[in-house]
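A.B. asks: Please read through the structure below; I'll follow up with questions.
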Amino acid sequence: MKIDLFNEIQNPRPWPEGHEQLRFRQAIEQAVLADELGYGCWWQVEHHGAGEFSLSSAPELMLAALSQRTSRIRLGHSAVLAPGRFNHPIRVAERAATLDHLSGGRVELGLTRSTIPEWRLFGIEPDEARAQTQQAFEMVPKMWTSERFSWASDAYRVDDAGIGPKPLQKPHPPLWQAAASPASFEEAGRRGVGVLGTTMWESLERASRLIGLYRAAAASCTDPVGAFVNDQVGFFTFVHCADTDEEAMRNGAAAAAAWYTVTALTFFEAATEFVRANARNEELMKSPGLTGDFLRGEAAAAPSEANLLIARILQGEPVRDEEVFEVLSAQDSLIVGSPETCRKKLRAYADLGIDRLMCLQQIGGIPHEKVLNSIRLIGELIPDLE
């Protein structure tokens, strides 16, 4: 399992003078350190209008800057927002290919539909987002591998254009899809692209079943959108390592993970649905295929202790930091503690067959120097996990 870094450029209040410049400088310093330590990939998100949650609204510029400050770590979009009003497929292909040259062939390209608040910001009709994302998945690799490119649909028309540059990697950089639901895990597999699991607070058991869902779909893919099937699983989780378990708690890692979850659910306008933790999508549960089987198989599952805790916080209930740490640290998906504690939790993920663990270490209000120390300590564990 490769150990990667996942970065939002989080910017929680209070905001001192020059806070945005500070956050960008800190992110670059973290990436340079990760490059030196042998991390596999730096994954940069794309979000718009996200406030404290993320300053990463121009990830292609951040990755271009990192391409000139690093030499080994791969550079990943996790993921480009694919509907055309965000990013026209031609621009996606051009920018990623240029970055591939600037980085010496280190690009990993993910695509995703995004969600309601960002669609609203850019004037995107929700029923157009899925079709345009599918077209982007098909168009981008064709532009990379064809001397001349044509396309005709309701959304796009391209007549015999020469799109350049072509990427340095041949036939093209690996393609990925961000996925936060069983349906999107299956969708990624059927497209023949890698899956970037961005779910939160998954148990190891459910993560294993999501991976199995993806692997089954990828195994049946005979017509991938790209030139090859990228049968890889990336999985996101919260990580903070300190010299001792007690120091990790004092650093506020569990509270920061709770802040991240609440802020993310609020930004994505999913808080109300999260509180209804026992609700099921009946239409999906009745659906045929792998996703329907997956949902029917977990219909009786109770919400996790972590989800119940987050629901309490979302409803305004005050929760002591000690309780947050106790409940969240018990979850497989919070890798917080001493190097030995983190090693055991990382090994459990590796045993699931995950290819890349995307470690979010710059979380909420954890101080920058504590983030750097965590990156160093996890970096020392990399040889034991690969």
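The values are calculated or read from the model by the stated rules, or taken from the named source; none is laboratory data. Bear in mind that the values here come from a model prediction, so they are computed numbers and not experimental data. Positions of Cβ are backbone-derived with ideal geometry, glycine not excepted, and every protein chain shown enters the neighbour counts. Keep in mind that these areas ignore ligands, DNA and RNA; they rest on the heavy atoms of the full protein, side chains included. Shrake-Rupley method; radii C 1.70, N 1.55, O 1.52, S 1.80 Å.
A.B. asks: For Asp243, are the conditions met, namely being in a loop (DSSP other than H, G, I, E, B), crowded, with 16+ Cβ neighbours inside 10 Å and at pLDDT 95 or above?
C.D. replies: Working: in a loop (DSSP other than H, G, I, E, B): yes; crowded, with 16+ Cβ neighbours inside 10 Å: no; at pLDDT 95 or above: yes.
Taking the combined requirement at face value, the residue does not satisfy it.
A.B. asks: Could you list, ordered by first residue, the pairs with Cβ atoms under 6 Å in which the first is in the range 368-386 and among the hydrophobic types (A, V, I, L, M, F, W, C) and the second is not in a helix (DSSP H, G or I), at least 6 apart or interchain?
C.D. replies: Between residues of the range 368-386 that are among the hydrophobic types (A, V, I, L, M, F, W, C) and residues that are not in a helix (DSSP H, G or I), the close pairs are Val371/Gln361; Val371/Gln362; Ile375/Gln361; Leu377/Cys241; Ile378/Cys241; Ile382/Ile3; Ile382/Gly38; Leu385/Met1.
A.B. asks: Just to be sure I understand the filter: pairs with C-beta atoms under 9 Å, separated by 6 or more residues or on different chains, first member in the range 168-196 and without any contact (Cβ under 8 Å) to a residue 24 or more places away in the chain, second member among the basic types (Lys, Arg) and open to solvent by 10 Å² or more (accessible area, probe 1.4 Å). Which pairs pass?
C.D. replies: Short answer, once both residue conditions are applied: Ser184/Arg113.
A.B. asks: Within the range 41-53, track down each residue that is open to solvent by 10 Å² or more (accessible area, probe 1.4 Å) and of a type outside the set (D, E, K, R).
C.D. replies: Of everything in the range 41-53, those that are open to solvent by 10 Å² or more (accessible area, probe 1.4 Å) and of a type outside the set (D, E, K, R) turn out to be His47, His48, Gly49, Ala50, Gly51.
A.B. asks: For the range 44-74, name all the residues that are farther than 28 Å from Leu265 by Cβ and under 15 Å from the mean Cα position of the chain (by Cα).
C.D. replies: Filtering the range 44-74 for residues farther than 28 Å from Leu265 by Cβ gives 64-74.
Within the range 44-74, Arg74 is the sole residue that qualifies.
A.B. asks: Return the total of residues in the range 78-116 being closer than 17 Å to Ala178 by Cα and in contact with a Pro (Cβ under 6 Å, 6 or more places away or on another chain).
C.D. replies: Going through the range 78-116 one residue at a time, the tally reaches 3.
A.B. asks: Does Asp159 satisfy the condition of being modelled with pLDDT under 95, surrounded by fewer than 22 Cβ atoms within 10 Å (Cβ to Cβ) and charged (D, E, K, R)? Spell out how you get there, then give the answer.
C.D. replies: Values: modelled with pLDDT under 95: no; surrounded by fewer than 22 Cβ atoms within 10 Å (Cβ to Cβ): yes; charged (D, E, K, R): yes.
So Asp159 does not fit the description; no.
Listed here are the residues, each with its yes/no results for (1) of a type in the set (A, V, I, L, M, F, W, C); (2) surrounded by fewer than 16 Cβ atoms within 10 Å (Cβ to Cβ); (3) under 27 Å from Gly365 (Cα atoms).
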site	(1), (2), (3)
Ser203	no, yes, yes
Ser220	no, yes, no
Gly226	no, no, no
Asn230	no, no, no
Asn251	no, no, yes
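A.B. asks: Another question about this same structure. Scan the range 176-185 and tell me whether some residue there is out of contact with any Asp or Glu (no Cβ under 9 Å at 6 or more places or on another chain), hydroxyl-bearing (Ser, Thr, Tyr) and open to solvent by less than 40 Å² (accessible area, probe 1.4 Å).
C.D. replies: Within the range 176-185, one or more residues are out of contact with any Asp or Glu (no Cβ under 9 Å at 6 or more places or on another chain), hydroxyl-bearing (Ser, Thr, Tyr) and open to solvent by less than 40 Å² (accessible area, probe 1.4 Å).
A.B. asks: Going through the range 1-38 one residue at a time, which ones are surrounded by 15 or more Cβ atoms within 10 Å (Cβ to Cβ), outside any helix (DSSP H, G or I) and charged (D, E, K, R)?
C.D. replies: Hits for the range 1-38 are Lys2, Asp4, Glu8.
A.B. asks: Any residue that is open to solvent by less than 10 Å² (accessible area, probe 1.4 Å) and under 14 Å from the mean Cα position of the chain (by Cα) - is there at least one of those in the range 85-107?
C.D. replies: No, because not a single residue in the range 85-107 is open to solvent by less than 10 Å² (accessible area, probe 1.4 Å) and under 14 Å from the mean Cα position of the chain (by Cα).
A.B. asks: Looking at this structure, is Thr261 open to solvent by 30 Å² or more (accessible area, probe 1.4 Å), in a helix (DSSP H, G or I), at pLDDT 90 or above and over 14 Å from Ser181 (Cα atoms)? Break it down stepwise before answering.
C.D. replies: Details: open to solvent by 30 Å² or more (accessible area, probe 1.4 Å): no; in a helix (DSSP H, G or I): yes; at pLDDT 90 or above: yes; over 14 Å from Ser181 (Cα atoms): yes.
When the stated conditions are applied, Thr261 does not pass them.
A.B. asks: Is the range 143-157 home to any residue that is under 25 Å from Gly51 (Cα atoms) and among the hydrophobic types (A, V, I, L, M, F, W, C)? I'd like the intermediate steps shown before the answer.
C.D. replies: Narrowing the range 143-157 to residues under 25 Å from Gly51 (Cα atoms): none.
No, that holds for no residue.
A.B. asks: Here's another thing I want to ask about it. Checking the condition within 30 Å of Val319 (Cα to Cα) and touching a helix residue (DSSP H, G or I) at 6+ places or on another chain (Cβ under 9 Å), which residue from Ala248, Ala227 passes?
C.D. replies: Numbers: Ala227 fails: within 30 Å of Val319 (Cα to Cα).
Selected residue: Ala248, the only one of Ala248, Ala227 that is within 30 Å of Val319 (Cα to Cα) and touching a helix residue (DSSP H, G or I) at 6+ places or on another chain (Cβ under 9 Å).
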